[in-house]
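The values are calculated or read from the model by the stated rules, or taken from the named source; none is laboratory data. Keep in mind it's a predicted model, so treat the numbers as computed, not measured. Positions of Cβ are generated from backbone atoms using ideal geometry, with glycine treated the same way; all protein chains shown enter the neighbour counts. Ligands, DNA and RNA are excluded from the accessible area calculation, which covers all protein heavy atoms including side chains. Shrake-Rupley method; radii C 1.70, N 1.55, O 1.52, S 1.80 Å.
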Amino acid sequence: ARKGKTPEEVVKRYLQKVRNLPEEDCTICMEPLVGPSGYKGPGVSGIFRAESVGRLAQCGHQYHLQCLVAMYNNGNKDGSLQCPTCKTIYGVKTGNQPPGKMEYHVIPHSLPGHPDCKTIRIIYNIPPGIQGPEHPNPGKPFTARGFPRHCYLPDSEKGRKVLRLLLVAWDRRLIFSVGTSSTTGESDTVIWNEVHHKTEFGSNLTGHGYPDPGHLDNVLEELRAQGITEEECLP
Ligand code: NAD
Ligand code: ZN
Ligand code: ZN
């Protein structure tokens, strides 16, 4: 595993032992926590017994340890864990965005709804390639449509804050992913991940343009859901 940690070690690091098991089901396997894990797949025959249960240290949600290991193995195994119930992130979450480039510069025009400042233009460029083990179909090619993709933020204090956090999201491979486009239906292609961008400059014909008074706050909330906040990113 990356970072030299086995899946069991990662799971263990974020968990506390549970003494009195609650009369609840494990929401990963849907079996009672007082019984064994219902997970039957490969890769969990390690150090945990099927009956072992743990509670996530911060949010307190409880699961079979084998179920958490199976969930971890199903993701991109980056040393982080996300509670499937409340989405609390343990460690640093990363994604599977393919290699590419993110650039930005200020252009001397104002966006609709932001008349008092200039505009930040972000340019994302991702070439097509071959899927890695972290993608849906490893070894198969993926396409990359519509690149370079241009995105716009107001060059205001809040817009620059969003930019700083987007740069962190890019480094953590969270801006794009590989999958099926909900717009075109094409599979094995580069798609936007869970952080919305404005790709239209002077109008809002697509719904991905300005004005949109809530946009920056929405993006900050979406970044928070990926574990990216200003507090966490200060030096
Ligand atoms: P998608 O359609 O699977 O959607 C994923 C997320 O991106 C959704 O939240 C959606 O609301 C948002 N999204 C969809 N279209 C967007 C847009 N134009 N601007 C900003 N956000 C958008 O994701 P996808 O396939 O990456 O996005 C489709 C967009 O990609 C197209 O609208 C187009 O801009 C671009 N594209 C261009 C070509 C081309 O040949 N020029 C081909 C395919 C896609
Ligand atoms: Zn379970
Ligand atoms: Zn939780």
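Here is how the numbers come out for the structure above:
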{"quantity": "Sequence ranges 174-185, 130-141, ranked by mean other-Cβ count within 10 angstrom, highest first", "calculated": "174-185, 130-141"}
{"quantity": "Of all accessible heavy-atom area on region 38-185, the percent that carbon and sulfur account for (1.4 Å)", "calculated": "52"}
{"quantity": "Å² per residue, accessible surface of region 33-74 at 1.4 Å", "calculated": "48"}
{"quantity": "Fraction of the pair-distance distribution of region 1-77 above 17 Å, Cα-Cα pairs, percent", "calculated": "39"}
{"quantity": "Cα coordinate range in region 104-164, projected on the principal axes (Å, largest first)", "calculated": "49, 20, 17"}
{"quantity": "Cα-based reach from Lys101 at 21 Å (exclusive), listing lysines while leaving out same-chain residues under 8 positions away", "calculated": "Lys93, Lys161, Lys198"}
{"quantity": "Candidate aspartates and glutamates - alpha carbon under 13 Å from Lys5, same-chain residues fewer than 8 apart omitted", "calculated": "Asp78"}
{"quantity": "Pairs beyond 18 Å (Cα-Cα), from Lys40/Lys77; Lys118/Lys158; Lys17/Lys40; Lys77/Lys140", "calculated": "Lys40/Lys77; Lys17/Lys40; Lys77/Lys140"}
{"quantity": "Peptide ranges 17-26, 75-84 listed from the most packed, as the mean C-beta count within 10 angstrom indicates", "calculated": "75-84, 17-26"}
{"quantity": "Length-normalised contact order of the chain in % [C-alpha pairs under 8 Å, at least 6 apart]", "calculated": "14"}
{"quantity": "Pairs of alpha carbons in region 85-235 whose separation is greater than 18 Å (percent)", "calculated": "59"}
{"quantity": "Whole-number D in µm²/s for region 38-110 (Stokes-Einstein; Kirkwood sum over Cα pairs; 25 °C, 0.890 mPa s)", "calculated": "164"}
